[in-house]
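Peer 1: This is the structure I want to talk about, given as C-alpha cells.
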C-alpha cells in the first residue's frame, strides 16, 4: 500500500512514520526539508516542496499515485480545501489530523466520546480545526470523498516536556524555584506517548471501516496536573514546589499562553477509546507517563544544547508569582529571589 505523509517528522508523525515502515507500508514523506531532530528512517521516500504553494505541490507530486494521504500540517479550512482540489479522485483515503481540543470545552460530561459536540469558544486553533472537519464532512456527504478524521489529544515524545514553558519548568525544578500549575492542579488530564499513538494510527491506514468517520487516539491513563508535575520532578530526582495559579490569571498576563490553557488544559479531559479499539483490534497504550517522564529527562540531560529555557516564559512565571506574593496575607509558602518582577 502506497502512503503519503504530508509532514511526517513531527512529535506525533515521526513515531507513525517509524511504525508504518515497520509494518511494511510503502511510505513517502512530503516536506520542505530534512528534520535534524527526527530524521526519516531508512526505507522512506522523500519529496520536497511546499504544500502551501499549489504549483510547488503539483510539481513535486507529478507522476505519483497514493492509496492513502495523511496531512499532518493542515490547520485551516483553506488548506484543507487546497487538499480537496489536489487529491479529489486521486486517493483511496485522505486522513486529516484534527485535535481533541475541538471537543466541547468545558465538556458537559466525561469521558469524551467521538459523538461529543465540537465546540471550543476559547481557542481559535480549535475552532479552525472544527471548520476543517466540517468541510471534510460536507465533502464526504456530497461527493463521498474518502476522508477519515483523527483527533490526537496531548501527545508527547522524549523531546517535549508537557509543562508550562517546556524545559523552562524543568530547569526551575532543578534550581529549586517554584513552578506554576494550572488551577488547583486537581483536574484530570490525558498524556499519550507518540509511540502508543502510532500503534492505533497506523491501523487506520487503508482501513475501510474508518472511511467517513472520526476517531480519537489517547491513553487510558488519567493523571491530575499535580501528579504530572510531581512525576516530572521525580524523574529529575528533585522535590517540586507547586504554586497553583488560575488559568484566567495567566491569561491576563499573557493571552498567548492563556488561550491554550482556557481552551484546553484548564478542564478535565479524559476519553472513551472504544472506537479506536474496535478499528484497531488489540490496540492498547503501554507506556505510562512515569516511564515517559524518565525518557524526557534522559533525552534532555544527554545534551546541554537541549536544555534551553524560554526567557519569555521565565518572566511570565515570575510576574504571576509576584502578583500572588503581593496579595498573600503574610509570608507566602514559597520564596524565590526573582519574585519581585513587575
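Peer 1: Please give the residues of the stretch 217-246, grouped as numeric ranges, whose backbone N is less than 19 Å from a label point set 7 Å along the Cα-to-Cβ vector of residue 302.
Peer 2: Backbone N within reach: 235-237.
Peer 1: List the pair-distance distribution P(r) of the stretch 1-140, using every Cα-Cα distance, as the percent of pairs falling in each 5 Å bin from 0 up to the bin containing the longest distance, rounded to whole percents.
Peer 2: Distribution as computed: 2, 9, 18, 20, 18, 15, 10, 6, 2, 0 percent.
Peer 1: Related question: Take the alpha-carbon centre of the stretch 178-224, take the same for the stretch 308-328, and report the distance between them in whole Å.
Peer 2: 30
Peer 1: Further question on the same structure: Which order results if 80, 91, 308, 70 are arranged by neighbouring Cβ count within 10 Å, fewest first?
Peer 2: Numbers: 80 24, 91 20, 308 12, 70 28.
In order of increasing Cβ crowding within 10 Å: 308, 91, 80, 70.
Peer 1: Could you give the semi-axes, largest first, of the ellipsoid that matches the stretch 247-303, computed as the square roots of 5 times the alpha carbon gyration tensor eigenvalues and rounded to whole Å?
Peer 2: Values: eigenvalues 177, 103, 14 Å².
That gives 30, 23, 8 Å for the three semi-axes.
Peer 1: Just for the Cα atoms in the stretch 186-342, what are the lengths along the principal axes, largest first, rounded to whole Å?
Peer 2: Projected onto its principal axes, the Cα set of the stretch 186-342 covers 61, 34, 25 Å.
Peer 1: Roughly speaking, what is the stretch gain from residue 327 to residue 143, that is 0.36 nm per residue apart minus the C-alpha to C-alpha distance, in nm to one decimal? Write down the numbers at each step before the final one.
Peer 2: Working: separation 184, 0.36 × 184 = 66.24 nm, distance 5.96 nm.
Length gained, residue 327 through residue 143: 60.3 nm.
Peer 1: In whole Å, what are the Cα extents of the chain along the three principal axes, biggest one first?
Peer 2: 70, 43, 41
Peer 1: Now for a different question. Relative to the first principal axis of the alpha-carbon coordinates of the chain, what is the inclination of helix 289-301, with its axis defined by its Cα atoms, in degrees from 0 to 90 and to the nearest 10?
Peer 2: Around 80 degrees separate the two axes.
Peer 1: How far apart, in nm, are two points set 7 Å out from the Cα along the Cα-to-Cβ line at residue 64 and at residue 220?
Peer 2: Between residue 64 and residue 220, the simple spin-label model gives 3.8 nm.
Peer 1: While we're here: What FRET efficiency would be calculated for the residue pair residue 108, residue 188, taking the C-beta separation as r and a Förster radius of 22 Å, to the nearest 0.05? Can you show the working numbers first?
Peer 2: Numbers: r = 15 Å, r/R0 = 0.70.
Plugging the Cβ-Cβ distance into 1/(1 + (r/R0)^6) gives 0.90.
Peer 1: I'd like the FRET efficiency for residue 84 and residue 256, computed as 1/(1 + (r/R0)^6) with the beta carbon distance as r and R0 of 25 Å, rounded to 0.05.
Peer 2: Details: r = 31 Å, r/R0 = 1.25.
Between residue 84 and residue 256 the formula returns 0.20.
Peer 1: Let me ask something else about it. Note down the relative contact order for the stretch 29-86 as a percent, whole number, built from C-alpha pairs under 8 angstrom at least six residues apart. Walk me through the intermediate numbers first.
Peer 2: Working: 32 pairs, mean separation 15.2, N = 58.
Value for the stretch 29-86: 26 percent.
Peer 1: Test of understanding: ordering 310, 18 by Cβ neighbours within 10 Å, fewest first, what list do you get? Don't jump to the answer; show the numbers that get you there.
Peer 2: Details: 310 16, 18 20.
Arranged by neighbour count, lowest to highest, 310, 18 become 310, 18.
Peer 1: So what is the relative contact order of the chain, in percent, for Cα pairs below 8 Å that sit 6 or more residues apart?
Peer 2: Numbers: 622 pairs, mean separation 60.9, N = 342.
Contact order relative to length: 18 percent.
Peer 1: Report, in degrees rounded to the nearest 10, the 0 to 90 angle that the Cα long axis of helix 225-236 makes with the longest principal axis of the chain.
Peer 2: Result, in degrees: 80.
Peer 1: Moving on to the next point. Per DSSP helix of 4 or more residues, -39500 (n - 2.57); summed, then divided by the residues of the chain. What does that give at 222 nm, rounded to the nearest 500? Numbers along the way, then the final one.
Peer 2: Values: 12 runs with 127 residues, N = 342.
Roughly -11000 deg cm²/dmol at 222 nm, from the helical runs in the chain.
Peer 1: Given a Förster distance of 35 angstrom, what is the FRET efficiency for residue 56 paired with residue 115, based on the Cβ-Cβ distance and rounded to 0.05?
Peer 2: With R0 = 35 Å, the Cβ-Cβ based efficiency is 0.35.
Peer 1: How big is the antiparallel share of DSSP beta bridges in the stretch 9-145, given as a percent to the nearest 5?
Peer 2: Numbers: 1 of 9 bridges.
Among the beta bridges of the stretch 9-145, antiparallel pairing accounts for roughly 10 percent.
Peer 1: Also, quick follow-up: What's the angle, to the nearest 10 degrees (0 to 90), between helix 77-87's Cα axis and the longest principal axis of the chain?
Peer 2: The angle comes out at about 30 degrees.
Peer 1: Defining a contact as two alpha carbons under 8 Å apart and six or more residues distant in sequence, what relative contact order in percent does the stretch 1-130 show?
Peer 2: Values: 193 pairs, mean separation 27.9, N = 130.
Over the stretch 1-130, the number comes to 21 percent.
Peer 1: Using only the alpha-carbon atoms of the stretch 79-119 as identical scatterers, what base-10 log of I(q)/I(0) does the Debye formula give at q = 0.28 Å⁻¹?
Peer 2: Log-scaled intensity ratios, in q order: -0.91.
Peer 1: Taking the Cα centroid of the stretch 265-304 and of the stretch 142-164, what is the distance between the two, rounded to the nearest whole Å?
Peer 2: Each part reduced to its Cα centre gives a spacing of 13 Å.
Bear in mind that the values in this text are calculations on the coordinates, not laboratory data. No experiment lies behind these values; they were computed from the predicted model shown. Cβ sites come from the backbone with ideal geometry, for glycine too, and all protein chains shown count toward neighbours.
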